[in-house]
Amino acid sequence: MSYIPKKLIHKIGKNKKISSYQIGNWFSRNRELKSRFSDIREYWATFMTKYLNLAEIDFLQGRVSASVFMRNYFNPELIDDLKERVFKGISKIRKIP
C-alpha cells in the first residue's frame, strides 16, 4: 500500500507500458546504466522521517517488522493524517533541485 498523487498516476498511464522484465534486460544490456531503485527507496525513507515515524515508513515500503507493536497493534486506518503527511513530504521532495 502506498499513496501516489493522481497527477503522477496519469503521467505514468500515458507512457508506453514496460514490464519489470524489460527493465531488467535494459539494465543488464547497458552496463553504464545502473539500477538505483534501492538508493531511491533509501533516500525517500530518510527524507520522509521529517513527516512520518519509522513504523509508518516501513509499512508504506511493504515491511512489517517482527515487533509486538507492528504485528498486533499498528493499524493504518487509525492514522487519519497519514495520507496528508505523505503528500506533504512528496511535495517537498519534488521541489528539491
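Computed from the coordinates by the stated procedures, all read-outs in this text should not be read as laboratory data. Quick caveat, the model's predicted, so the values are computed rather than measured. So basically every Cβ, Gly included, is an ideal-geometry build from the backbone, and we count neighbours across all protein chains shown.
Our coupling estimate for region 57-62, obtained by passing each phi through the Karplus curve with A = 6.51, B = -1.76, C = 1.60 and θ = phi - 60°, is 5, 4, 4, 5, 8, x Hz, Gly and Pro reported as x.
Once backbone amide H atoms are built at 1.01 Å from N, residue 3 has no partners under 5 Å, excluding neighbours fewer than 5 places away on the same chain. Our coupling estimate for region 63-80, obtained by passing each phi through the Karplus curve with A = 6.51, B = -1.76, C = 1.60 and θ = phi - 60°, is 10, 10, 6, 8, 5, 4, 4, 5, 6, 10, 10, 5, 9, x, 5, 8, 9, 5 Hz, Gly and Pro reported as x.
Each peptide among 63-70, 41-48 gets the average number of other Cβ atoms lying within 10 Å of its residues, and from highest to lowest they stand as 41-48, 63-70.
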